[in-house]
Structure formats: structure tokens, C-alpha cells
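Everything on this sheet refers to the single structure shown next.
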Amino acid sequence: MAKTVTIGKSNVSTTKLGLGTNKVGGHNLFPGLKDEDGAAVVKAALDSGITLLDTAFMYGLGRSEEIIGDVLQNYDRSKVVLATKAAQDSDNDLKNNNTPAFLKKSVDIALKRLKTDYIDIFYIHFPDETTPKNEAVAALNEVKQAGKIKAIGVSNFSLDQIKEANKDGLVDIVEDNYSLVHREAEKELFPYLEDNKISFVPYFPLASGLLTGKYGPDDADKFKQFSAEQYQLIMKGLDVVRGIADEHDATVAQTILAWYIANPAVGVVIPGARKPEQVDSNAKALTVVLSDEEYKAIDDAFSAFK
């Protein structure tokens, strides 16, 4: 049975592998998406034993939430962990808004789209420039006390903003960019989260496909954020992963997801998927159990990115 994790100081628990749903109804983010494919992806996740679905208003301006809400009508809601996010104000050109009134309204609207009476994790998706972050979180705590949400999260916040948001110890979970090739969070963020019993969820865990193993030495121009030297180091690191993956009869992507699952600093890892077969493949990462030596070998192979 898959390992479970408790989210922060809340009573929400979930599998360590979830589903990121920006490709479920996220028509504004990805061309050519079909709603029926999105619904099939959500079903595949729930049928494979994945319990956490991570969505947001910005994924299709509410469409992702609606698709998930429709699918959930055929499942036991109590066994599903729903996470969603809001900040973009549709009444103000989608500018970020963290005011208490906006966040409370956003929760109510999300509940309707998701066709449920509670949300397990509700994130402030992006910080705005003016709202004191502890006041924004206090508003969500009022919503939590009312039973509409169970855990409070922030996403894309700097460490200073997280500290401000957590002044009263009310933040349960943080979501931000983190992967084996984007490891800045390990220096200061992870120690703070551990000290304050806050869970962490990385997005882009497979670095936009780079860490799936499908790209080779000749594809460096597709990832211009890395220098030629860095790209070569990534290719060498993936060779190490490939050797370990072969030992487990697994893919490179499954093995890297298994590394995050084994990482004590990571609460839940949420790779996305466009097709159900991608979900099924990702779910197999839960069966890949790395030895301490294998975990360290992968860690060391990407140590240049710490």
C-alpha cells in the first residue's frame, strides 16, 4: 500500500503521489485539450489509487474545477483529497488579489464548481503586492473554522512572504517550483518548513519533460534556461537514473518520481498528465522503492544544481 502523508498541522492525509491537473480543462494554458480527455485523466488517477487532485481557478478559468467536480460525482468524496487555488481576480484583468473578501468569495465559488461542500487544501495561488499575508491567511482560517476548507496553503510565495503568512502558525502547506535541476529551495526554504511543520509540494517535478528521459544530448536548444555545461551534467545525471531504473524495471520518469516520494522534505509530488496512460505510468512510481544507496546516487548525480 502506498505511503501516506499528513498535510502540515491539519487532519488531511493523502498518498505521496498526486495528480496535477493544469492539463485537465486548462484550455488557456495548453492548446488542443479536450474535456473528455481531462475527465478520463482524473478517473485514471482515482482508479489507480492516487488520492490528491491539485487544481486551480487559472486552469481553464474554472473549467478544470468543473470537470473534476463532474467526475467526483461517481466517487466516494471522503476518499479524495481536493486541492485548489485562487488569486487571479476575474473582475480586474486577472490581477492577483489576496484580500480577505476576495479569498472568501473564491472559496465559495470553487465549492460550487467542484460540486462539494468542503475543499481539503485551499492555496493562495500567487501573492499580491499589497495585502498583508497574515491577514490573507487569517481570512482562510475563518473559512477553515466554518468547515469549508481543511488546510491552508500558499503558492509561489518568497520565503519572507511565507514567514509573514505564517505569523500565527496557520500555514499547512507550500507549493513551489522544485526539481532535481531546480534545487534552491533546499537551502533556506526546506529548513523553515521543517521547523514549522509545513508540508511542501513541488510543481514541475519533471522539469517540463526534461527529467522524463525522452530528451538526448542533441536537444539542448529546447531548454535554453540551462547552459551547455549544465545540460551535459543533466544528461550524465539521467544516465545514472537510467541504470537504477533498469534495476527496477521502471522508466526514468517513474524512478525520478520515486526519488521525490522517498524525499522526506517533499509532502506530495503532483506530476501532470494529458492522457490516462500517462497517469497509469506515473502511478507505477509508487511501486518503485529506492534503496538508500540508490536515493543518494540520484541525489549526488544532480548535486551541481543544489
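Test of understanding: among LEU257, LEU290, which residue is within 25 Å of ASP37 (Cβ to Cβ) and either out of contact with any Phe, Trp or Tyr (no Cβ under 6 Å at 6 or more places or on another chain) or surrounded by 18 or more Cβ atoms within 10 Å (Cβ to Cβ) (or both)?
One residue alone meets the criteria, LEU257.
How do the pairs read when you match residues in the stretch 138-154 that are on the phi > 0 side of the Ramachandran plot with residues anywhere that are aromatic (Phe, Trp, Tyr) and surrounded by fewer than 20 Cβ atoms within 10 Å (Cβ to Cβ), using Cβ under 7 Å and keeping only pairs 6 or more apart or on different chains?
GLY147/TYR118
TYR192 fails exactly one of the following numbered conditions: (1) crowded, with 16+ Cβ neighbours inside 10 Å; (2) in a helix (DSSP H, G or I); (3) within 20 Å of the chain's Cα centre (by Cα); (4) not small (Gly, Ala, Ser). What is the number of that condition?
Only one criterion in (1) crowded, with 16+ Cβ neighbours inside 10 Å; (2) in a helix (DSSP H, G or I); (3) within 20 Å of the chain's Cα centre (by Cα); (4) not small (Gly, Ala, Ser) is unmet by TYR192, namely (1).
In the stretch 87-100, which residues are in contact with an Asp or Glu (Cβ under 8 Å, 6 or more places away or on another chain), not in a loop (DSSP other than H, G, I, E, B) and not polar (S, T, N, Q)?
Scanning the stretch 87-100 gives LYS95, PRO100.
Examine the stretch 81-90 for a residue that is more than 22 Å from VAL201 (Cβ to Cβ) and modelled with pLDDT of 95 or more, and state whether such a residue exists.
Checking the stretch 81-90: at least one residue is more than 22 Å from VAL201 (Cβ to Cβ) and modelled with pLDDT of 95 or more.
Of all residues in the stretch 126-154, which are surrounded by fewer than 21 Cβ atoms within 10 Å (Cβ to Cβ), farther than 16 Å from VAL12 by Cβ and within 18 Å of the chain's Cα centre (by Cα)?
Result: PHE126, single match.
Residue by residue through the stretch 267-292, note down the ones that are more than 19 Å from SER179 (Cα to Cα), among the small types (Gly, Ala, Ser) and touching a Lys or Arg at 6+ places or on another chain (Cβ under 7 Å).
Within the stretch 267-292, none qualify.
Could you grab me the full set of residues in the stretch 209-221 that are surrounded by 12 or more Cβ atoms within 10 Å (Cβ to Cβ) and not in a loop (DSSP other than H, G, I, E, B)?
GLY209, LEU210, LEU211, THR212, ASP219, ALA220
Have a look at THR51, THR21 and point out the one that is touching a helix residue (DSSP H, G or I) at 6+ places or on another chain (Cβ under 7 Å), under 22 Å from ILE109 (Cβ atoms), touching a residue at least 12 places away in the same chain (Cβ under 8 Å) and not basic (Lys, Arg).
THR21
Here is a yes/no grid of residues against (1) modelled with pLDDT of 95 or more; (2) surrounded by fewer than 20 Cβ atoms within 10 Å (Cβ to Cβ); (3) aliphatic (A, V, I, L, M):
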site	(1), (2), (3)
VAL41	yes, no, yes
ALA56	yes, no, yes
LEU61	yes, yes, yes
ALA101	yes, yes, yes
LYS104	yes, yes, no
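Any chance you could count how many residues in the stretch 108-125 are more than 20 Å from SER10 (Cα to Cα) and part of a loop (DSSP other than H, G, I, E, B)?
1
Keeping to the stretch 251-292, report how many residues are outside any strand (DSSP E or B) and within 17 Å of the chain's Cα centre (by Cα).
The total comes to 25.
Can you pull out the residues in the stretch 61-86 that are under 26 Å from LYS16 (Cβ atoms) and not in a helix (DSSP H, G or I)?
Hits for the stretch 61-86 are ASN74, TYR75, ASP76, VAL80, VAL81, LEU82, ALA83, THR84, LYS85, ALA86.
The values are calculated or read from the model by the stated rules, or taken from the named source; none is laboratory data. Treat the numbers as computed from the prediction; the structure is a model and nothing was measured. Cβ: placed from backbone, ideal geometry, glycine included. Neighbour counts: every protein chain shown.
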